[in-house]
Amino acid sequence: METRTQFFELKPEELAWHCPEELIPFNSTDECAACEDIIGQEKALRSLETGLEIKSRGYNIFITGLVGTGRTTTIKKFLEKIRHGREVPDDLLYVNNFKKPEEPLFLALPAGRGRLLRDGLDRLISMLKTNIPELLKSQFFQERKQSINESQQRKQREILQNFEDLVSAEGFAVIQVQMGLFARPDLIPVIDGQATPFNKLESLAKEDKFPKKKLDELKKKYGQLTEQLEKVIDQLKVIDEETQVLLKNQEIEACNPIVKGGLSNLRTGLPFQPVQTYLDEIEKNLITDLDLFKGQKPGEEHEPVEEFDPLLAYRVNLLVDNSDLQGAPVIMEITPNYLNLFGTIEYSYGRFGVGQTDFTKIKAGSFIKANGGYLVLNALDVLIEPGVWPALKRTLRYQTFEIQNPVSPFLISTSRLKPEPIKCDVKVIMIGDDYIYNLLYFMDEDFKKIFKVKAEFDTDMEKTAKSIVDYVRFIKKICNEDKLQPMGRDGLAAVVEFGVRQAGRQKKLSTRFHLIADVIREADYWARKNGHQFITRQDVQVAIREKVERVNLAERKIREMIEEGTILIDTQGQTVGQVNGLAVYDTGELAFGQPTRITARTSMGRAGVVNIEREADLSGKTHNKGVLILAGYLRGKYAQDKPFALSASIAFEQSYSGVDGDSASSTEVYAILSSLSGLPLRQDLAVTGSLNQKGEIQPIGGVNEKIEGFFAVCQAKGLTGTQGVIIPYQNVNNLMLNEDVVRAVEKGQFHIYPVKTIDEGLEILTGVKAGEKQAEGRFEEGTVNYLVDKELERLAIAWHEFEGTSEEGQPVEPEQ
C-alpha cells in the first residue's frame, strides 16, 4: 500500500493579515482629522444621488443593507449636505370657507408669507375690536344715528297723528291694551267726551239708555277703523325695518374704510390670486358681521383666543410654517404611526361628550411637514403600523393628500370636516433590508411604481491604503464624539485587523461601523482601567475577548461537555468510517465553531446514500442537496463499469436540533470512502468543505470560527503536534485566525491543510495515496480509490448473486 506523509500546509503568516504600521501614517489619533465623509458606500451614494435628483413621479428610494452599515447616518449626512442648495418650500395654510365651512380652503404661500397672512389678520381683528366700538360710540356717528332715528320717528308720528285725527272724527280714541308682556293699540268709542268700551254700551242699549242703531253704526265703524289700524301698524313696522337698514348701512358706510384700510397692507404684501379672493371674502363677511365687534372693551385684543372664539372664521391655521427653514426640509420620522405621519383633525368636547371641530384644529403630520423636501422612514415600522402603508402608497401614487377625520366608535360629533386636498411633492426614503424589499417588490404591484430606486449598502469595502486611513479617521471621530482616550498606532492596527476579520476576507474591510465603534468604546474602558494614556493593541484585544466572553455561555457549555466526554469527540488516533466535521452555531450575538462526529456505515443494497438527518426530519434543504451531490459524485467516479449496489448511511452523531448547509458534504464522503476501503481516518484532524459532483472542494462560510472551535477542543484535551484542520483552498483568503491558533502553528503544534479535491483530503486523512484511474479503467493498486472500487465491485457481484438466488425461489438467509 502506497503511503503519503508529506502534505502542503499553510504558513503562520498566511493564517491572518497583520496591518503593517507603515500603512497608518499617524502615531495616534491626535495627529489626524476626524472623518466627516461617508466611508465605503460609493455605489449606494450614486444610487441615492440618482433618486434624489430625478424629480419625476415614483423616484422614491428604498435603502437596503444590514444594520450597522451606516444607512441612517449616511442618508442624514447626505440629505443635510444637499438640502441647503434646494429652494425653501411654500408655507401651507388652511382658512375658513365662508360658503361651505365644512370644507376648509387650502392655501400655499411662499415661505414666510403664511405667517404674514396669519399675523396680519390677527392684527386686523384686534384693530377692529378697538376701532369699530370707538367709531360707533363717537359723537359724529351718534349724531348721524340720532338724525336717522328722528327722521324715521317723524314719519311714524305723522302717520299716527293722521290716523288719530281720523279716529277722533269718527268718535273713537286710540288706546294701548296690555296682552301679557306686550301691549298693542286698539280703538274705543268716545261718548260725550268719555271713552266707553263696547261692553258697557251694549249694557246701556239693553236698558234702552243708548240707541241700538247707533251702537250698530259704531261697531261697523270700529271694524273699518280696525282694518286701517292694521295697515298703520304695518306701515310703522316697515318704517322700523327701514330704520334698521338705514342704521346698518350707516354702520357699513362708517366702518367700510376701516376694514378696507386694514386689509390694504395684506393685499399689497400678498399679491397672489387665491389670497386676494380670500381677502375679498374676508372683507364682505366682516362688513356683514359688524355686530361681533360691538361692545368690545379696550385691551380685549390682547386677551388669548377663547375655546369658542366668535371671530374664529377670520383666523388662519398655519399648518406648516417654513419661514425659519434654510433649504428643503428633512424629516426623520422614528414613530410613523398614522397620526404622526399624516396628521389629524382634533376635536374638543363639551360637557355632554359631544365633539366639535373647525378648520383651526387641522394638524399636520410628518408627511405634510416634509412637503417640498425629504421624508426618511423605517420600512418595518411603516408596514406594521395600521393603515400607514396603504395611505403612503395612495399619496405617493396620486401626489395629493387629504387630512382625514379620526375614526373612533366612541366619537360623537356634530361636525365633520373635509379639508381641500393638498398637492404633495415629497421624496420618501425608506430604510429596510433585502427581505422586506423583495417581499414588497414581488407581492405588491404598486411598490415597484413608487420606489423605483434601490440603494444597496454593502457590508464591506476594498482594503486599500486610503480605506485604512479612512478607518483611522473614523476612529478619531468616535474618540471625539464620545470623549475617549486617543488611540495609539498599534491600537489602530488592531482595530483595522478586527475590521478585516468582520469582513471575512483578507482583502476587505467591514463597513458595519457600529461593531467597530463598540470595540473602540470598550477598548477605551480597558485603557482607562489599566492606566494607559493611549488605547493600545492590548486594550483592543481585551475588549474583543471580553465582548465575546459576555455572550459565549452556549459555547462554553458545549465545550465542557466535549471535555467531559458527554459529547463524543476524538482528537487522537484513527477510526474507520468516522471523521470530525465542523459546524457553526449562531446565537445572534455570537457565531462560534464546534466539532461534531460524522459516521458512515456501508453495506450491500440499493438504497444509495441514506441521510439519517433527513429521515429524522432534522435536515435542511441545503444539507439534503449536499447529500444528493455526494451520491452523484460516488456514482460518477465508481459506478461506470458496474451497478451501484450500495446502501450507505451517514449521520451527525449526537445532533438533535437539526443540520443545514452543505459544508460537511466532503466530510461525509470521507467517512463513506473510509468505510468502503477499510482504511481508518485520522481523528486528530477536522474537516470542512462542500463538494461538487466532480469531486472538487468548494469554499464554505465561517472558516475562522470552525478552525478556532476545533483548536480550542484540541487545546483543552492536549495538543499533540499532529492536530489540524482541512479546509478548502479558496478559503485561505478568508483566514483571520486569533493569535492562539497562529502561535500554535508557529510552534508546529497545529496545522492547516488547504485542499482542492477529495483525493487530496483522502491522502491527508488516511496517509495513503488516493490513486488515479489507469488507461484500462482501473485505479492504481494499493491506493484508496483502488480499495473503494474493489469493495464496490464485491458488493455489486454479491448483490447480483443475491438477486439471482432470490429469483430462482431459493431461500435467502436474513441479513445479520
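The values are calculated or read from the model by the stated rules, or taken from the named source; none is laboratory data. This is a predicted model, so every value here is computed, not measured. Don't worry about glycine lacking a Cβ; one is built from the backbone with ideal geometry, like all the others, and counts go over all protein chains shown. Heavy atoms of the whole protein, side chains included, go into the accessibility calculation; ligands, DNA and RNA do not. Shrake-Rupley method; radii C 1.70, N 1.55, O 1.52, S 1.80 Å.
His532 passes all but one of (1) touching a residue at least 12 places away in the same chain (Cβ under 8 Å); (2) within 26 Å of Gln485 (Cα to Cα); (3) in a helix (DSSP H, G or I); which number fails?
Failing condition for His532: (3).
Has segment 596-611 got any residue that is part of a strand (DSSP E or B) and touching a Lys or Arg at 6+ places or on another chain (Cβ under 8 Å)?
no
Exactly one of (1) more than 24 Å from Ile752 (Cβ to Cβ); (2) in contact with a helix residue (DSSP H, G or I) (Cβ under 6 Å, 6 or more places away or on another chain); (3) of a type outside the set (Lys, Arg); (4) not in a strand (DSSP E or B) is unmet by Gly661. Its number?
The one condition Gly661 does not meet is (1).
Can you say whether Phe98 is aromatic (Phe, Trp, Tyr), assigned to a loop (DSSP other than H, G, I, E, B) and under 30 Å from Leu765 (Cα atoms), as far as the supplied structure shows?
Considered against the rule, which asks whether it is aromatic (Phe, Trp, Tyr), assigned to a loop (DSSP other than H, G, I, E, B) and under 30 Å from Leu765 (Cα atoms), Phe98 comes out as no.
Search segment 675-687 for residues being part of a helix (DSSP H, G or I) and touching a Ser or Thr at 6+ places or on another chain (Cβ under 7 Å), and hand back the single one that is surrounded by the fewest Cβ atoms within 10 Å (Cβ to Cβ).
Ser675
Does segment 542-554 include one or more residues that are small (Gly, Ala, Ser) and in contact with a helix residue (DSSP H, G or I) (Cβ under 6 Å, 6 or more places away or on another chain)?
yes
Given Gly65, Gly114, Gly51, Gly120, which one is on the phi > 0 side of the Ramachandran plot and not polar (S, T, N, Q)?
That would be Gly65, the only listed residue that is on the phi > 0 side of the Ramachandran plot and not polar (S, T, N, Q).
Can you pull out the residues in segment 31-70 that are within 24 Å of Lys476 (Cβ to Cβ), assigned to a helix (DSSP H, G or I) and open to solvent by 30 Å² or more (accessible area, probe 1.4 Å)?
If the condition is that a residue be within 24 Å of Lys476 (Cβ to Cβ), assigned to a helix (DSSP H, G or I) and open to solvent by 30 Å² or more (accessible area, probe 1.4 Å), then Glu31, Glu42, Leu45 are the ones that fit.
If you check Ala671, Ala648, which single one turns out to be over 47 Å from the mean Cα position of the chain (by Cα), assigned to a strand (DSSP E or B) and either among the hydrophobic types (A, V, I, L, M, F, W, C) or modelled with pLDDT of 95 or more (or both)?
Matching residue, one of Ala671, Ala648: Ala648.
When both residues are 6+ apart or on different chains and their Cβ atoms are under 9 Å apart, which pairs have a first residue that lies in segment 686-710 and is under 22 Å from Gln506 (Cβ atoms), and a second that is charged (D, E, K, R) and part of a strand (DSSP E or B)?
Gly702/Asp586
Here are Gly223, Gly261: which of them is closer than 30 Å to Pro110 by Cβ and among the small types (Gly, Ala, Ser)?
Testing whether each residue is closer than 30 Å to Pro110 by Cβ and among the small types (Gly, Ala, Ser) leaves just Gly261.
For segment 755-785, enumerate the residues that are within 25 Å of Val500 (Cβ to Cβ) and surrounded by fewer than 21 Cβ atoms within 10 Å (Cβ to Cβ).
Lys756
Take the residues in segment 445-486 that are among the basic types (Lys, Arg) and touching a residue at least 40 places away in the same chain (Cβ under 8 Å), then tell me which one is surrounded by the most Cβ atoms within 10 Å (Cβ to Cβ).
Among those residues, the one meeting the criterion is Lys476.
Restricting attention to segment 307-351, which residues are of a type in the set (Gly, Ala, Ser), assigned to a loop (DSSP other than H, G, I, E, B) and either open to solvent by less than 30 Å² (accessible area, probe 1.4 Å) or touching a His at 6+ places or on another chain (Cβ under 9 Å) (or both)?
Gly327, Ala328, Gly343
Is there any pair with a first residue in segment 767-788 that is free of Cβ contacts under 8 Å to residues at least 40 places away in the same chain and assigned to a strand (DSSP E or B) and a second that is of a type in the set (Ser, Thr, Tyr) and open to solvent by 10 Å² or more (accessible area, probe 1.4 Å) whose Cβ atoms are under 7 Å apart and which are 6 or more apart or on different chains, and what are they?
Note: pairs meeting the criteria are Phe779/Tyr786.
For segment 493-502, check the following and say yes or no: at least one residue is assigned to a loop (DSSP other than H, G, I, E, B) and either over 34 Å from the mean Cα position of the chain (by Cα) or closer than 19 Å to Asn27 by Cα (or both).
The answer is no, given that none of the residues of segment 493-502 is assigned to a loop (DSSP other than H, G, I, E, B) and either over 34 Å from the mean Cα position of the chain (by Cα) or closer than 19 Å to Asn27 by Cα (or both).
Answer yes or no as to whether Val426 is open to solvent by less than 70 Å² (accessible area, probe 1.4 Å), over 30 Å from Lys507 (Cα atoms), out of contact with any strand residue (DSSP E or B) (no Cβ under 8 Å at 6 or more places or on another chain) and not charged (D, E, K, R).
Working: open to solvent by less than 70 Å² (accessible area, probe 1.4 Å): yes; over 30 Å from Lys507 (Cα atoms): yes; out of contact with any strand residue (DSSP E or B) (no Cβ under 8 Å at 6 or more places or on another chain): no; not charged (D, E, K, R): yes.
The answer is no for Val426.
Could you please give the count of residues in segment 208-244 that are open to solvent by 80 Å² or more (accessible area, probe 1.4 Å) and either among the hydrophobic types (A, V, I, L, M, F, W, C) or outside any helix (DSSP H, G or I) (or both)?
Of the residues in that region, 2 qualify.
Output the residue which, of all residues in segment 730-750 that are farther than 21 Å from Ile697 by Cβ and not aliphatic (A, V, I, L, M), is least open to solvent (accessible area, probe 1.4 Å).
Looking at residues that are farther than 21 Å from Ile697 by Cβ and not aliphatic (A, V, I, L, M), I get Gly748.
Mind checking whether some residue in segment 507-516 is assigned to a strand (DSSP E or B), small (Gly, Ala, Ser) and surrounded by fewer than 16 Cβ atoms within 10 Å (Cβ to Cβ)?
For segment 507-516, residues assigned to a strand (DSSP E or B), small (Gly, Ala, Ser) and surrounded by fewer than 16 Cβ atoms within 10 Å (Cβ to Cβ): absent.
Please work out which one of (1) closer than 16 Å to Thr29 by Cβ; (2) crowded, with 21+ Cβ neighbours inside 10 Å; (3) more than 30 Å from the chain's Cα centre (by Cα) is the condition Gln533 fails and give its number.
(2)
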